[in-house]
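Each remark here refers to the structure printed beneath this line.
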Amino acid sequence: TFDTWFSSGQWPFITTDYLSEGNLARFYPNSVMETGTDLLRSWVARMIMLGLYATDKVPFNDVFMHGLILDEHGQKMSKSKGNVLNPMDVINEFGSDALRMGIVMNRSAGQAQAFSPATVVAGRNFCNKLWNIARFIESQDNGEVSRKKVDNAVPHSPAENWIFAQLDQARQDIESHITNYRFAEAADTIYHVIWDDLADWFIEASKQNARPEFMHKVLNIALRLTHAFAPFVTETIWTALRDDRTTLISQAWPKQLSFDKASADEFNEVKNLVTEIRHILSDLPAGKYDLLYQDDSVVDNNIALIKSLAKLNSVNHSDAPKGLQIPSTSRVAWLDLSDDMIYEHQNRLEAKLLSVRQQIDNLKKRLLNENYITNAPANLVQETRDQLENNLALEKQLTIELTKSDK
């Protein structure tokens, strides 16, 4: 009678029919074995020993060990404990792509982590975002966008060059992460390039001057980058938007994208300026405000775009600009505010800066406490360090804002 692990140890060469030189024999030896950390001795070691014994070959070169998925209380799932979570229940509620993204995201290799429904919700929201992007791009199609036009589309505007730059950087980062088995980092990369870069910036910018053929090309590239992480929604979008009966799974990984770096950098300058304007406007009473600038070619070339993205009343050239200077940007521009509004804004900044500095002091004291560093969970200590880093960055920003508001 063979025990479980003795028979399982023969898995690599038995399933490939290597000893009989079957049709799958070319897949032995393979490259990667992926398993849980708890099976290193009982299974991985036996596969290696039995593989060497039966074939004189090591069955795989690399072993990737994922962490166990624990229950929400950090306990190992088992039928005897009654704490097993049926993945089909999660799939029925949120979808299989959402579960897939939720398991991969924020999961360190080799470390057991509690299952978090919040990450599955984030995965579902990501899929919804991708679906809405596709619907918007489809709505811009007037029926005259051919496959040839899409394939031949090249970036023209700063926003188009910028999104190509972002997608190409994401392509490189994902390739590197997957090659080095950093799957959580790869998922995080695709999450942010789709949600932040494509949805929040490129789609909004394209509303000023939409080119359907280029937008379809961007979507095609984004779907190919995302397919490994959310295969079902991406395949559905691909087949729904195309009439050539191709499948996304059969498409090649995107190649290096060509774009004008200077033009992409120009949009990045616009993005930074708009981000800073939005930050200030969030602290001001609701309303439409005017932006003034003096000698700035980037602002001059992108007036309509800046006005739209920042939701401004107007963007105007002025020989003698006044008001509140936009802080921490390479662009020089002012929000046209009255002296009273600037004074009230400064008071709010000072109060916020005082609160942030108090939080920084508390976090520093916590991290200087040896008992806390030694006894607190590692993830909690790291969270404290991240909070300190974020608050230090916020302190720097608020200080710059106060300095500029005094001018």
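Cut-off under 18 Å on the C-alpha distance; same-chain residues fewer than 8 positions from Lys364 excluded. Which aspartates and glutamates are left, in chain and number order?
Glu383, Asp386, Glu389, Glu395
Taking the Cα centre of region 195-237 as origin, work out the dipole magnitude from +1 charges on Lys and Arg Cβ and -1 charges on Asp and Glu Cβ, in debye rounded to 20.
Value, rounded to 20: 180 debye.
If you line up the long axis of helix 231-241 against the longest principal axis of the chain, both from Cα atoms, how many degrees apart are they, to the nearest 10?
Once rounded, the angle reads 60 degrees.
Can you tell me what the convex hull of the Cα atoms of region 277-406 projects to on average, as an area in nm²?
With every direction weighted equally, the projected area is 9.5 nm².
Please compute one quarter of the surface area of the Cα convex hull for region 331-402 and express it in square nanometres.
Hull-based average projected area comes out at 6.0 nm².
With 26 Å as the limit, write out which pairs from Lys148/Lys207; Lys148/Lys311; Lys255/Lys307; Lys261/Lys307; Lys148/Lys255 have Cα-Cα distances beyond it, or answer none.
Result: Lys148/Lys311; Lys255/Lys307 exceed 26 Å.
Name the residue farthest towards the positive end of the dipole of region 178-244 from the options Ile237, Ile178, His216, assuming +1 on Cβ of Lys and Arg, -1 on Cβ of Asp and Glu, about the Cα centre.
Of Ile237, Ile178, His216, it is His216.
Just to confirm my numbers, what's the Cα centroid distance between region 135-185 and region 248-269 in Å?
Answer, in whole Å: 6.
In the chain, once you exclude exposed GluC sites (Glu not before Pro) (DSSP loop, at most 10 other Cβ within 10 angstrom), what's the longest stretch remaining?
Here the longest run is 145-407.
Any chance you could tell me what percent of the C-alpha pair distances in region 3-156 go past 25 Å?
More than 25 Å apart: 56 percent of the Cα pairs in region 3-156.
Measure of size requested: the Rg and Dmax of region 88-162, with Cα atoms as the atom set and Å as the unit; please supply both.
18.1, 52
Mind checking which of Leu273, Leu354, Ile326 is farthest towards the positive end of the chain's charge dipole, using Cβ charges of +1 (Lys, Arg) and -1 (Asp, Glu) about the Cα centre?
Leu354
Using +1 on the beta carbon of Lys and Arg, -1 on that of Asp and Glu, and nothing else charged, what's the dipole of the chain about the Cα centre, debye to 20?
Value, rounded to 20: 820 debye.
Of the options His73, Trp5, Met88, report the single residue whose Cα projects farthest towards the positive end of the charge dipole of the chain (beta-carbon charges: Lys, Arg +1; Asp, Glu -1).
Positive-end residue among those listed: Trp5.
Hey, what angle do you get for helix 158-179 against the long axis of the chain, alpha-carbon based, 0 to 90 degrees rounded to 10?
The angle comes out near 30 degrees.
Tell me the Kirkwood hydrodynamic radius of the chain in angstroms, computed as one over the mean inverse distance between distinct C-alpha pairs.
The Cα-based Kirkwood calculation yields 25.6 Å.
For the pair Ser297/Thr246, report the inter-label distance in nm, with labels modelled 7 Å from Cα in the Cβ direction.
3.9 nm
Taking a ≥ b ≥ c as the square roots of the Cα gyration tensor eigenvalues, with a/c under 1.5 meaning rounded and otherwise prolate when a/b beats b/c, else oblate, which class fits region 165-247?
Since a/c reaches 1.5 but b/c is at least a/b, the shape of region 165-247 is classed as oblate.
For region 16-78, state the semi-axes of the equivalent ellipsoid (square roots of 5 times the eigenvalues of the alpha-carbon gyration tensor), sorted largest first and rounded to whole angstrom.
With the √(5λ) rule applied to region 16-78, the semi-axes are 30, 12, 10 Å.
Expressed as an acute angle from 0 to 90° and rounded to the nearest 10, what is the orientation of the C-alpha long axis of helix 378-405 relative to the principal long axis of the chain?
20 degrees
Find how much the distance from Trp11 to Asn371 grows on full extension, using 0.36 nm per residue of separation minus their present alpha carbon separation; answer in nm with one decimal.
That pair, Trp11 and Asn371, stretches by 124.9 nm at full extension.
Mind putting a number on the dipole of region 133-216 about its Cα centre? Charges go on the C-beta only, +1 for Lys and Arg and -1 for Asp and Glu, and I need it in Debye to the nearest 20.
280 debye
Contour minus end-to-end for Glu204 and Thr179, with contour as 0.36 nm per residue of separation and end-to-end as the Cα-Cα distance?
Contour length minus the Cα-Cα distance gives 5.7 nm.
Over all directions, average the projected area of the Cα convex hull of region 219-349 and note it in nm².
11.6 nm²
Taking N as the number of residues in region 252-301, what value does Rg over Cα atoms divided by 2.2 N^0.38 Å take?
This ratio for region 252-301 stands at 1.64.
Any idea what the relative contact order of the chain is, in percent, if you count C-alpha pairs under 8 Å spaced at least 6 apart?
Here the relative contact order equals 10 percent.
Each value in this text was obtained by applying a stated rule to the coordinates, not by laboratory testing. All values reported here derive from a predicted model rather than from experimental measurement. As a convention, Cβ positions derive from the backbone with ideal geometry for all residues, glycine included, and neighbour counts pool all protein chains shown.
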